[in-house]
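Heads up: the structure comes next, in structure tokens.
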Amino acid sequence: MNILIVADALELFKIYKDTTFSMMREAQRRGHKLAACEPQHLGWQRGRPVTATVREVALTGDKNEWFRVEATREVPLREYDAVLMRKDPPFDAEYIYATHLLEQAEREGARVVNKPSALRDHPEKLAIMEFAEHTTPTLVTRDEKAVKAFHAEHQEIILKPLDGMGGMGIFRVGADGLNLGSIIETLNKHGTQTIMVQRFVPEIVKGDKRVLVIDGKPVPYSLARIPQGSEIRGNLAAGGKGVAQPLGEEDWKIANAIGPVLAARGLLLIGLDVIGGSLTEINVTSPTCFQEITEQTGFDVPAMFIDALERLVASGQ
């Protein structure tokens, strides 16, 4: 296969943990050819197909100079067997514009993973609301009074922006409501931005589990991201400790209920965040934790993903 990776700059990758890097490494090991670009390298000129200025790359195996550029050229996206959209959030206007260009490339014959329209239709925090039976009580609103009423009902709550990542902007408010008004103002920008509020799940002390689902099938191990010290956030970017562990009964139940539904919509890879048996987020843009799970358990997550990608390409869908 010829594979194009649309992601952040390769120079910014932390290859000791980067999931996109692990995908590239497994793909090259199987003899597939790799190219990479950033969203700003996509273009569409009237009367022409969507193209990208790409770098054709090969992985070197060196930890420092881990890739070499073999050529740089402008290529129609439809010439690739697969285009992997792996750009990290923020899920902002530029991200949405990129999905529109990728969707046009699909109409021209490109195969894009995850499907661009599905990326737009499943904002990572809002997507859980479709699966209410698996979530903790949750409110999405701009309204300060609604947030305060939710707090009065549930006493201990978590507040977070809809466009955050890596644990950024997450606040916990206890039963005393200390600083609740100020936190609401900070997050909702005096009623101009929508936020998410959830009942606090105390099982966070045991970890915020990342459950990966590939082509509708759960990876049998999760990565429990355990908060350290006085932190309430388990996110690795916020200093959480990642511990791989077999999926529990509730993890399997949630993954088997949601995975096939979203796979049918063109989401080949998703990452479910589960705390104490409650679904808290569905990651669709660039789910991570491949390397941590593989290194700690021996289960080859990148191989499972490339297997699924090869099946998709072979199917012609």
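The values are calculated or read from the model by the stated rules, or taken from the named source; none is laboratory data. This structure is a prediction, so every number in the text was calculated from the model and none was measured. Glycine gets a Cβ as well: all are built from the backbone with ideal geometry, and neighbour counts include every protein chain shown.
If you check residue 130 against the conditions, is it more than 21 Å from residue 33 (Cα to Cα), among the acidic types (Asp, Glu), surrounded by fewer than 18 Cβ atoms within 10 Å (Cβ to Cβ) and in contact with a helix residue (DSSP H, G or I) (Cβ under 8 Å, 6 or more places away or on another chain)? For residue 130, the condition - more than 21 Å from residue 33 (Cα to Cα), among the acidic types (Asp, Glu), surrounded by fewer than 18 Cβ atoms within 10 Å (Cβ to Cβ) and in contact with a helix residue (DSSP H, G or I) (Cβ under 8 Å, 6 or more places away or on another chain) - is not met. In the range 87-96, the condition of being surrounded by fewer than 15 Cβ atoms within 10 Å (Cβ to Cβ), assigned to a helix (DSSP H, G or I) and touching a residue at least 12 places away in the same chain (Cβ under 8 Å) is met by at least one residue. Scanning the range 295-317 for residues that are surrounded by fewer than 20 Cβ atoms within 10 Å (Cβ to Cβ) and closer than 18 Å to residue 243 by Cβ returns 295, 296, 297, 298, 299. Counting the residues of the range 213-230 that are in a loop (DSSP other than H, G, I, E, B) and more than 20 Å from residue 298 (Cβ to Cβ) gives 6.
For (1) of a type in the set (A, V, I, L, M, F, W, C); (2) free of Cβ contacts under 8 Å to residues at least 12 places away in the same chain; (3) within 24 Å of residue 214 (Cβ to Cβ), each residue gets a yes or a no:
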position: 16; (1), (2), (3): no, no, yes
position: 20; (1), (2), (3): no, no, yes
position: 28; (1), (2), (3): no, no, yes
position: 36; (1), (2), (3): yes, no, yes
position: 72; (1), (2), (3): no, no, no
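Of all residues in the range 153-162, those that are among the charged types (D, E, K, R) and crowded, with 18+ Cβ neighbours inside 10 Å total 1. Scanning the range 144-196 for residues that are more than 29 Å from residue 93 (Cα to Cα) and touching a Leu at 6+ places or on another chain (Cβ under 7 Å) gives 148, 150, 151, 173.
Condition first: at pLDDT 90 or above, more than 15 Å from residue 295 (Cβ to Cβ) and surrounded by 17 or more Cβ atoms within 10 Å (Cβ to Cβ). Now tell me which residues in the range 227-247 satisfy that. Residue satisfying the conditions is 247 alone.
Filtering the range 38-48 for residues that are of a type outside the set (A, V, I, L, M), on the phi < 0 side of the Ramachandran plot and buried (at least 18 other Cβ atoms within 10 Å of the Cβ) leaves a non-empty set. Looking at the structure I just gave you, is residue 270 of a type in the set (Val, Ile, Thr), within 23 Å of residue 87 (Cβ to Cβ) and either assigned to a helix (DSSP H, G or I) or touching an Asp or Glu at 6+ places or on another chain (Cβ under 9 Å) (or both)? So residue 270 does not fit the description; no.
The set of residues in the range 273-295 that are of a type in the set (A, V, I, L, M) and outside any strand (DSSP E or B) comprises 284, 293. Taking the criterion of being in a loop (DSSP other than H, G, I, E, B) and of a type in the set (Gly, Ala, Ser), the residues of the range 242-267 that qualify are 248, 264, 266. Has the range 269-278 got at least one residue that is charged (D, E, K, R), out of contact with any Ser or Thr (no Cβ under 8 Å at 6 or more places or on another chain) and either modelled with pLDDT of 95 or more or surrounded by fewer than 20 Cβ atoms within 10 Å (Cβ to Cβ) (or both)? Looking through the range 269-278, none of the residues is charged (D, E, K, R), out of contact with any Ser or Thr (no Cβ under 8 Å at 6 or more places or on another chain) and either modelled with pLDDT of 95 or more or surrounded by fewer than 20 Cβ atoms within 10 Å (Cβ to Cβ) (or both). For the range 92-107, the count of residues that are closer than 23 Å to residue 303 by Cα and either of a type in the set (S, T, N, Q) or at pLDDT 95 or above (or both) is zero.
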